[in-house]
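I have placed the structure first, in the form of structure tokens, so that the comments after it can refer back to it.
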């Protein structure tokens, strides 16, 4: 029987709902969820989980237990249902909490923290409270994410984020204040020949001699997806080969 639930977002390994969450499924979250290295992860935390898309992508790529912290009640509820309905439910948990409080009271440490944090610093905030919380620095600033992350990361742990390219130097400078340094980065170009508009960053407590830099181009100049994009997403997007 054909699935007619248009509210669900379907990927090959799982499906999820995202109509109640403050932030819907988007390219930024998907690229981050597929870029992060998970091979050595023993315990993962997703900060600002939204509908849970990043957590689910990570769960499809590794066997580690995953906690997901989400401030918004409806988003946390939707993420919890998505986890329950996934093939990975037995090792996934949603924590409805403010990360600022969670990070100071959490008895555990993680070796991988992943976040698609609020993007906008100086832009005019949205009139919608939930969108304002999700997209602007009203409830979780870059500095708060870094401070909390540094507190609950193991010494050899990694913090991975996706950011607007225009903000990444601010983030890196703040990270240094918490003893964290970029170790790997991926510049994301919307079109071949364009400037990067997003960046995936992986930070840790080790200051490397050289940062590993990768480039990822989503579309060709004719708007067709690049081979690089198809190769990364073909095992996830239905209809993409």
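The values are calculated or read from the model by the stated rules, or taken from the named source; none is laboratory data. As the structure is a prediction and not an experimental result, all values here were calculated from the model. All Cβ positions, glycine included, derive from the backbone under ideal geometry; neighbour counts span all protein chains shown.
Brief remarks on what is shown
- Any hit, the stretch 43-51, residues being in contact with a strand residue (DSSP E or B) (Cβ under 7 Å, 6 or more places away or on another chain), over 22 Å from residue 118 (Cα atoms) and surrounded by fewer than 24 Cβ atoms within 10 Å (Cβ to Cβ): yes
- Taken together, 195, 185 contain a single residue that is loosely packed, with under 14 Cβ neighbours inside 10 Å and farther than 18 Å from residue 233 by Cβ, which is 195.
- The number of residues in the stretch 101-111 being at pLDDT below 95, surrounded by 14 or more Cβ atoms within 10 Å (Cβ to Cβ) and either assigned to a helix (DSSP H, G or I) or in contact with a strand residue (DSSP E or B) (Cβ under 6 Å, 6 or more places away or on another chain) (or both) comes to 0.
- Filtering the stretch 182-189 for residues that are modelled with pLDDT of 95 or more and over 18 Å from residue 34 (Cα atoms) leaves a non-empty set.
- Test: residue in the stretch 63-72 that is more than 19 Å from residue 153 (Cα to Cα) and crowded, with 19+ Cβ neighbours inside 10 Å: yes
- Condition check for residue 151 on (1) modelled with pLDDT of 95 or more; (2) over 17 Å from residue 100 (Cβ atoms); (3) over 16 Å from the mean Cα position of the chain (by Cα): one failure, at (2).
Rundown of residues vs (1) farther than 24 Å from residue 153 by Cβ; (2) under 15 Å from the mean Cα position of the chain (by Cα), yes/no style:
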| site | (1), (2) |
| --- | --- |
| 14 | yes, no |
| 24 | yes, yes |
| 50 | no, yes |
| 74 | yes, no |
| 80 | yes, no |
